[in-house]
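All of the numbers you see were taken from the coordinates with simple rules; none came from a lab. All values reported here derive from a predicted model rather than from experimental measurement. Every residue, glycine as well, gets a Cβ built from its backbone with ideal geometry; the counts of neighbours run over all protein chains shown.
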Amino acid sequence: MIEFYFEIRAVHIGSVILSGLIFFLRGVGLHAFKASWPMAAPVRFTSYTVDTVLLTSAMMLTVILQQYPLADHWLTVKVALLIIYIVLGAYGLKYAKTPRARLGFWLAALALYLYIVSVARAHDPLGVFTLLL
Amino acid sequence: MTNTKKLWISLAILLVASFSVLLLMGREIYQKAPPMPEQVVSTAGETIYTRADMELGRRVWQSMGGMQLGSIWGHGGYVAPDWSADWLHREIMAVLNAWAAEEGAENYAALSPERQAALKGRLEGLFRTNTYDPATGTITLAEERARAIEKVSGHYEQLFGNDPAFEPLREAYAMKDDTVPDAEHRKALGAFFWWTAWAAGTERPGDTITYTNNWPSEPLIENRPPASSFVWSAFSVLFLLAGIGLLGWHYAVSHGREEEPHDLPPFDPMRGTVVTPSMSATAKYFWVLLALFLVQILLGAITAHYQVEGQVQYGFELANVLPYSLSRTWHTQLAVLWIATAWLGTGLYIAPAISGYEPPYQRLGVNFLWICLIIIVVGSFAGQWFAVMQTLGLENNFWFGHQGWEYADMGRFWQIFLFIGLVLWLVLVGRALWPALRPGAPGRSITGLLFLSTVAIGLFFGAALAWGENTHISMVEYWRWWLVHLWVEGFFEVFATAVIAFLFTRLGLLKLQTATVAVLFATIIFMAGGVLGTLHHLYFAGTPTVVLALGASFSALEVVPLAYIGFEAYHTFRLSKATPWMERYRWPIMFFLAVSFWNLVGAGLFGFLINPPLSLYYMQGLNLTPLHGHTALFGVYGMLGIGLVLFCLRGLKPELAWNEGLLKVSFWSFNVGLAMMALFTLLPLGTMQLIEAINNGYWSARSAEFMQQPIVDLLVWMRVPGDTIFSIGALALVVFVIGLWVRPRYQGVPTEEEERAATTKARA
Ligand code: HEM
Ligand SMILES: [Fe+2]
């Protein structure tokens, strides 16, 4: 599988960017324009598809590189934060009761997303904060 | 004579005739099975193997999981090789390379094509000629074969032990280190593998085909599909088309005759069902089966992952405690167990509901049976764990450990226990149902038919008890398929048709007479192909050609009713829309519709894909088999089980509002996930293997070299999205069911008047 490492990595990074972008745009549509399309079926299913591809490629990379969550701390942190990100995102788009709360959750989710990306780039649980050290 | 009576008589005649022939074929297989020699000697007089070696080897093979790790004669797991084909090829190559060395070449591949052709000619006679002497029970092998066997045996002894040099191969085959720690046992294991390879490569006395009808494809010794496989493949297609034509004619003739419109009930006739104590007690069957289902999925994910990392799971050395052989055993066994539990629970729930009669101590019986089932699952699994860990001891293995026969893996003790449990179940269902079965009871005929199909399911499990510890493998296969095939392609199909029709009569949507005739007719059609169709699993299991001919012809007929299943599905769909109150049953019905869909696609199409002898000759044990296995077993009976569970839950908790959103997610995730698994992984991978098997021999399509290609890994990974979606479906279903107990939302049952009013409004 190492033969496909670069392709899979590209797919992974691509779907990370796409996933974040979709989340961002849906939030903008929802919070700034009160539009209904962010929750329309085609948009939701596109988002699910991208996230499934993202997850699959992530699992492939862990096996190719033999670096696993729980064993490698930056991956542990990534997975843990990912779960929180999903929850925040769900509240940010849908579940939170008031528009204000949804906006808050959405912004928090975006911040977390950026932090996760920084963890991934730094290969370090501290992510962007490694710069401070 | 009434129409119904005629049908009953036809069914009886058909069953007697078919089972007579099937039994006759059993005798034929018994007589023509490849012989077990007393000893195998070389021309120089040295003893290579004895019968005791081979019998010991088979028991060792069974104890380590048998068919769950690699396969024999094409039956078993798909990650490790087919040991028969693998041994045969290795032995052939050892002989060829030794000859080439005598000619001063480095190996066979280094020879010129002319020399290769000459050696190949010599080889053919060496392998195909039958040197078994029935008088002395001795197989005599040429010296060069004795040397080759020594070599291959060494290979296997290292592979099944913990030689570090063989680590990569074990990893590729998903075998744990020290699969068989005992050196004597490893040697004996080779004796058994050798014998299966010998039968696959040696011609029957006075014939030009081998004991396994020339299976596996091995161009080096001219093991090619025999003429009979071409002939009966072509004829099987012919029979299929003829059957489709005939049944189409029948439908055309009877069209419009059966279904005079009748008054549909204005309210749900089952709404007043009183839930008796024994019916309430079935709830725990449904909880447990969902738990088993979740575990089954998890074990499936683990088993699939072993295909890319043979011993570890994301860095965790799981193979030491839960190796592939076990995860696959439990995965396949749980599939049958949770589906069976769904039906057991349904039967126990529905019987008193129909008859309105709660027999004394019924609840105690229901609870007792439930405890027995738990004990059987836990006990048989524990035995298998100790067996595969090789700590149980061979003397206990047959009774308490791992029998190694796919779908019939539990120890004999547990099989007997389960059989008793099934009989107990029949008694419990039968006694509650009794008032509805007495002469003169309304709907007696269809109730009786449904009950008969459950009796057949229960009793046919008895086929698993027909073989013993040392029964010839061809006969074990024969009885094993009595169990597996006659269940899934016979009585389960009848049960599925009968139970759905039955529920519709209960709901007043189908007239009793119409439903009875339709179900009887369907039973006859299913049984016409299904009983003798059993033989399609035995084309290459050491059986004579007549088995191949009958198996191919009759199993093709099994697809005939499936080709028309659209009729049934459409009918079901229309009935579900016939009255407003049917909305209550929307999700059970959706699952019943999925049953029809996958019956066509999984059983009919993917089943027939591998069914003609010429196809199965190459496809057996490639990924095209699980393509069919998954789509048919989950697609048809898994979906049916879930539909039935939902139906029972409706009755158990009539006053609750359902979280339809969860069921919708669940339903579509199951269907989409299953389709993705089939289309992204199993079908493409199976097709790749097929081409390889046709071009270079069966062994090659199953070899580590082939299966370790990056593209194969990639295809296996392509399962992840589909399997993830599928799992979400299961989780949604479980959350739904838990919600009914933990966070019930009461909406009350609509009164009869309300339903009546809604119906009148809808009609107007
Ligand atoms: C709903 C009905 C059916 C179910 C649940 C079912 C299930 C299965 C299962 C579980 C296997 C074993 C797969 C394995 O070894 O991994 C199998 C094998 C097979 N099935 Fe079916 N099946 C059904 C209907 C059919 C039909 C209608 C046909 C074709 C007429 C068919 C033809 C076959 C063949 C040829 C094999 C392979 C036999 C072998 O390797 O010995 N099946 N089926
Ligand atoms: Fe079958």
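Between B:Glu28 and B:Val672, the contour length at 0.36 nm per residue exceeds the alpha carbon distance by 227.4 nm. Length available on full extension from A:Ala41 to A:Ile2: 0.36 nm per residue minus the Cα-Cα distance, which gives 10.4 nm.
The separation of segment A:1-65 from segment A:95-133, counted between C-alpha centres, amounts to 16 Å. If the segment from B:Asp182 to B:Ala657 were pulled out straight at 0.36 nm per residue, it would be longer than the present Cα-Cα gap by 165.0 nm. Footprinting exposure proxy ranking of B:Leu141, A:Leu25, B:Leu662, B:Leu452, fewest other C-beta atoms within 10 angstrom first, gives A:Leu25, B:Leu452, B:Leu662, B:Leu141. Put a plus charge on the Cβ of each Lys and Arg, a minus charge on the Cβ of each Asp and Glu, and nothing anywhere else: the dipole of segment B:35-224 about its Cα centre is then about 380 debye. Note on segment B:1-72: Kirkwood radius taken over Cα pairs, Stokes-Einstein applied at 10 °C and 1.306 mPa s, translational D equal to 95 µm² s⁻¹. Each Lys and Arg contributes +1 and each Asp and Glu -1, all at the Cβ; summed about the Cα centre of the protein assembly as shown, the dipole is approximately 3940 debye.
Segment B:217-293 and segment B:706-734 have Cα centres separated by 28 Å. Considering all different alpha carbon pairs of segment B:35-224, the Kirkwood hydrodynamic radius works out to 17.0 Å. Taken along the Cα-to-beta-carbon direction at a fixed 7 Å, the label points for B:Ala382 and A:Leu25 span 5.8 nm.
Note on segment B:623-688: Cα-only Rg and Dmax are 15.4, 53 Å. With contacts taken as Cα pairs under 8 Å at a separation of at least 6 residues, chain B carries a relative contact order of 17 percent.
Its Cα gyration tensor gives chain B an equivalent ellipsoid; the semi-axes, largest first and in whole Å, are 49, 28, 24. Helical runs assigned H by DSSP (4 residues or longer) give chain A a calculated mean residue ellipticity at 222 nm of -25500 deg cm²/dmol, each run adding -39500 (n - 2.57) before division by the residue total.
Charges were assigned to the Cβ only: +1 to each Lys and Arg, -1 to each Asp and Glu. The resulting dipole of chain B about its Cα centre is roughly 3020 debye. Ranking B:Ser229, B:Trp668, B:Gly458 by how far each Cα lies toward the positive end of the dipole of the protein assembly as shown (charges on Cβ) leaves B:Trp668 at the top. Put simply, the C-alpha atoms of segment B:152-207 give a gyration tensor, and the ellipsoid matching it has half-axes of 27, 12, 8 Å, longest first.
What separates the Cα centres of segment B:155-209 and segment B:532-594 is a distance of 39 Å. Its alpha carbons give the protein assembly as shown an Rg and a Dmax of 29.7, 97 Å. Legend: translational diffusion of segment A:1-66 by Stokes-Einstein, Rh = Kirkwood radius over C-alpha pairs, 4 °C, 1.567 mPa s; D = 100 µm²/s. Once you have a ≥ b ≥ c as the square roots of the Cα gyration tensor eigenvalues for segment B:137-285, tell me rounded if a/c is under 1.5, and otherwise prolate or oblate according to whether a/b is larger than b/c. Cα axes put segment B:137-285 in the oblate bin. Placing unit charges on the Cβ atoms of the charged side chains and taking the dipole of chain B about its Cα centre, the candidate lying farthest along the positive direction among B:Leu548, B:Ala105, B:Leu159 is B:Leu548.
Both radii are taken from the alpha-carbon atoms of segment B:629-764; with Rh as the Kirkwood radius, Rg/Rh is 1.22.
Using the Karplus relation 6.51 cos²θ - 1.76 cosθ + 1.60 with θ = phi - 60°, the per-residue 3J(HN,Hα) values for segment B:669-679 come to 5, 4, 5, 5, x, 5, 5, 5, 4, 5, 7 Hz, with x marking Gly and Pro.
A crude spin-label estimate for the pair B:Ile375 and B:Ala234, with each label 7 Å from Cα along the Cβ direction, gives 5.9 nm.
Annotation for B:Glu752 and A:Val79: the two label points, set 7 Å from Cα along the Cα-Cβ direction, are 5.8 nm apart. Applying 1/(1 + (r/R0)^6) with R0 = 41 Å to the Cβ-Cβ distance of B:Asn396 and B:Trp249 gives a FRET efficiency near 0.10. Between B:Val295 and B:Tyr357, the FRET efficiency estimated from the beta carbon spacing at R0 = 25 angstrom works out to 0.10.
With respect to chain B, whose longest principal axis is taken over its alpha-carbon atoms, helix B:752-763 is tilted by about 80°.
So if we plug the beta-carbon distance of B:Glu150 and B:Glu317 into 1/(1 + (r/R0)^6) with R0 = 35 Å, what FRET efficiency do we get, rounded to 0.05? Computed FRET efficiency for B:Glu150 and B:Glu317: 0.55. Annotated for chain B: lysine pairs at least 8 residues apart or interchain, Cα distance under 29 Å, count 20. Positive end of the charge dipole of segment B:35-224 (Lys, Arg +1 and Asp, Glu -1 on Cβ, about the Cα centre): tell me which of B:Thr50, B:His75, B:Pro168 has its Cα farthest that way. So the residue we want is B:His75.
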